[in-house]
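K.L.:
Encoded as structure tokens, here's the structure I'll be asking about.
The values are calculated or read from the model by the stated rules, or taken from the named source; none is laboratory data. As the structure is a computational prediction, the values presented were derived from the model and not from experiment. Here Cβ is always computed from backbone atoms with ideal geometry, including for glycine, and neighbour counts include all displayed protein chains. Ligands, DNA and RNA are stripped out before the accessible areas are found, and what is left, the full protein with its side chains, is counted by its heavy atoms. Shrake-Rupley method; radii C 1.70, N 1.55, O 1.52, S 1.80 Å.
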Amino acid sequence: MALPRICMITSVHKHDDIRIYHKEAKALKKAGYDVTVLCQDYQGNDESGVHFCRIALPPSRVKRIAQAWQLMAQKAMELNCQIYHIHDPELLPAAFWLKDRGKTVVYDAHEDTPRQLLAKPYWNFMVRKTASKAVEWMENRAGSRLDKVFAATSSIAKRYKNGVPIENFPQLEEFPPDLLTPYEKRPCQVCYVGAITENRGLTAMVQSVQNVPVRLSLAGALEFPSLAQKIKQLDKEEKVQYKGVLNRAETVQLIGGSRAGLLLLKPTPSYIQSYPIKLFEYLLAATPVILSDFLLWREIVGKENGIFVPPEDTAKIKAALEYLLAHPQEGKQMGLAGQKRVKERFLFPEKRLLCQYQELWKGGAL
């Protein structure tokens, strides 16, 4: 019997999103499933046969949120797949619509979105509170109406009676040795990879490298285009380089060519319980981490495998940078210990993902 056809749907993420495409779609395709990704930015096929179907969405965020679910649901129904895998909270109405028509539907909770919305700096409190409650209500319905909820962390999975943790850990094959520079040969560079926002420590990172003999390389999407100008204003000594959005190999080379990875997220409710993918990527590249002093992160990293700092204390961040620059052998050992920890405990659970799909396929849900 042929394996069922799968349709992954996103209106927010790029077609080659790390979780959606590189981890889940590729793993399912390799296992023999026919996989189509509905997205807003690409039409075509990859070398392994994953299909991408582009759906034109309104450029306005408000109009996109209002209309995307209908446009995506209509096309999804035309494809007539057996399993639909929804990746964005704004598409939950499409998930319920497909479920009402007898389809097997999975919701993938990438973030603790209700808590994340409460920390949005560009909305006033009432807007944040209203949006948070609305998303939580819809996600709670997903937990009771849909077939499964996959979650990027175990704490998010606990919110749902049908929640399954599919942690957003890295994949070993993405970090081949030839992309990693031996620590003793790495230049005086530190890096940050990921979405660039104030809540993720932009100001603290830029200010901390001033008057320290190190360059800061930033890679990732800017929350607002105006942040590019702010980086220039903050960078008094021309020591900060913004590299834009990199592909996977470029990202690995940047991390694996740095003396340290920075992760200075502010202590918002969603961040203190998060499992940032960049944290595990830094560690897997044998790159020491200077990171926010969150209890959960101490448990993940281990007290000897990173330098924990208050995320807005630039004096302590500078001291951590200076220590690693002055003690390269200790930095090398710290990186190797972190790499070993990730290899043993924090690699992407591909087998669990495939087992969950097999359960959907053979367990009567189809």
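K.L.:
Suppose we filter region 258-292 for residues that are open to solvent by 10 Å² or more (accessible area, probe 1.4 Å) and more than 16 Å from N199 (Cβ to Cβ); how many remain? Quick ask: steps written out before the conclusion?
P.N.:
Of all residues in region 258-292, those open to solvent by 10 Å² or more (accessible area, probe 1.4 Å) come to 259, 266-278, 286.
After this cut, where a residue has to be more than 16 Å from N199 (Cβ to Cβ) as well, the list is 259, 275, 277, 286.
Of the residues in region 258-292, 4 are open to solvent by 10 Å² or more (accessible area, probe 1.4 Å) and more than 16 Å from N199 (Cβ to Cβ).
K.L.:
Still on this structure: How about region 69-85: which of its residues are surrounded by 15 or more Cβ atoms within 10 Å (Cβ to Cβ), part of a helix (DSSP H, G or I) and of a type outside the set (A, V, I, L, M)?
P.N.:
Those that are surrounded by 15 or more Cβ atoms within 10 Å (Cβ to Cβ), part of a helix (DSSP H, G or I) and of a type outside the set (A, V, I, L, M): W69, K75.
K.L.:
Of all residues being touching a Ser or Thr at 6+ places or on another chain (Cβ under 8 Å) and assigned to a loop (DSSP other than H, G, I, E, B) in region 133-161, which is surrounded by the most Cβ atoms within 10 Å (Cβ to Cβ)? Just the residue, please.
P.N.:
Here the residue is D147.
K.L.:
Then there is this: Can you tell me which condition M126 does not meet? The list is (1) closer than 24 Å to K63 by Cβ; (2) open to solvent by less than 20 Å² (accessible area, probe 1.4 Å); (3) out of contact with any Asp or Glu (no Cβ under 9 Å at 6 or more places or on another chain), and all the others hold.
P.N.:
With (1) closer than 24 Å to K63 by Cβ; (2) open to solvent by less than 20 Å² (accessible area, probe 1.4 Å); (3) out of contact with any Asp or Glu (no Cβ under 9 Å at 6 or more places or on another chain) applied to M126, the lone miss is (2).
K.L.:
Moving to a separate point now. Say we look at region 346-366 and pick out the residues that are modelled with pLDDT of 95 or more and open to solvent by 50 Å² or more (accessible area, probe 1.4 Å); which of these is farthest from G102 (Cα to Cα)?
P.N.:
From region 346-366, those modelled with pLDDT of 95 or more are 346-357; that's our starting set.
From what's left, open to solvent by 50 Å² or more (accessible area, probe 1.4 Å): 347, 351-352, 355.
On the way: L347: 34, K351: 27, R352: 25, C355: 22 Å.
Looking at the filtered set, the residue picked out is L347.
K.L.:
Here is a check on your reading of the model: is A228 under 20 Å from I277 (Cα atoms) and modelled with pLDDT under 95? Outline the logic, then answer.
P.N.:
On the way: under 20 Å from I277 (Cα atoms): no; modelled with pLDDT under 95: yes.
Taking the combined requirement at face value, the residue does not satisfy it.
K.L.:
May I ask you to list the residues in region 30-57 that are part of a loop (DSSP other than H, G, I, E, B), of a type in the set (D, E) and surrounded by 17 or more Cβ atoms within 10 Å (Cβ to Cβ)?
P.N.:
Kept after step one, since they are part of a loop (DSSP other than H, G, I, E, B), are these residues of region 30-57: 31-33, 40-43, 46-50, 55-57.
Subset that is of a type in the set (D, E): 41, 46-47.
Within region 30-57, D46 is the sole residue that qualifies.
K.L.:
Restricting the first residue to region 225-245 and requiring it to be more than 10 Å from Q210 (Cβ to Cβ), which pairs with a second residue that is open to solvent by 30 Å² or more (accessible area, probe 1.4 Å) and outside any strand (DSSP E or B) meet a Cβ separation below 6 Å and a spacing of at least six or different chains?
P.N.:
V245/A221
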